[in-house]
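Please read the structure below before turning to the comments.
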Amino acid sequence: MPFPAQVPKNFSQENILNIRPGLAGIYGIYNYMRWIYIGQALDLQRRLMEHFNRTSEPSFCIWNQKPTHFVVKVVDVQDLDAAEKALVYEFMPVCNRNPQIKPVSHASPGHRRL
């Protein structure tokens, strides 16, 4: 279940603020080398701004990986957990990993259809 085909957006305040407030879904943050973080949100704009402003719990890890882009997928609220779990399993983002589990492989955004 990849992210739908879309033009990736630069990880910038301007692009995040262009997301309609209150829109629920799944998001992926990455750079040219790897997927950094995949998460879910009841308000994509608000949650991505928390990461951008470094006020979220995973923001330290996210910014240490030098994020450049993000993608979103609108998902019904009741499907958020399953959708997030599937995408984390598929892409194995560095900031989502359980430190006790060694990934078998990790796909970079350039190797998977966004």
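Just so it is clear, none of the values below were taken in a lab; they were calculated from the coordinates. Keep in mind the model is a prediction, meaning the values are calculated, not measured. A quick note on method: Cβ atoms are made from the backbone with ideal geometry, for glycine too, and the neighbour counts reach across all protein chains shown.
Descriptive notes on the structure:
- Local net charge near Gly22, Cβ-Cβ under 10 Å (Lys/Arg +1, Asp/Glu -1): +1
- Aspartates and glutamates with Cα under 15 Å of Lys85, excluding same-chain neighbours fewer than 8 positions away: Asp76
- Net charge in the neighbourhood of Gln13 (other residues with Cβ under 15 Å of its Cβ; Lys, Arg +1, Asp, Glu -1) is +2.
- Estimated translational D of the stretch 9-97 in µm²/s (Stokes, Kirkwood radius over Cα pairs; 25 °C; 0.890 mPa s): 193
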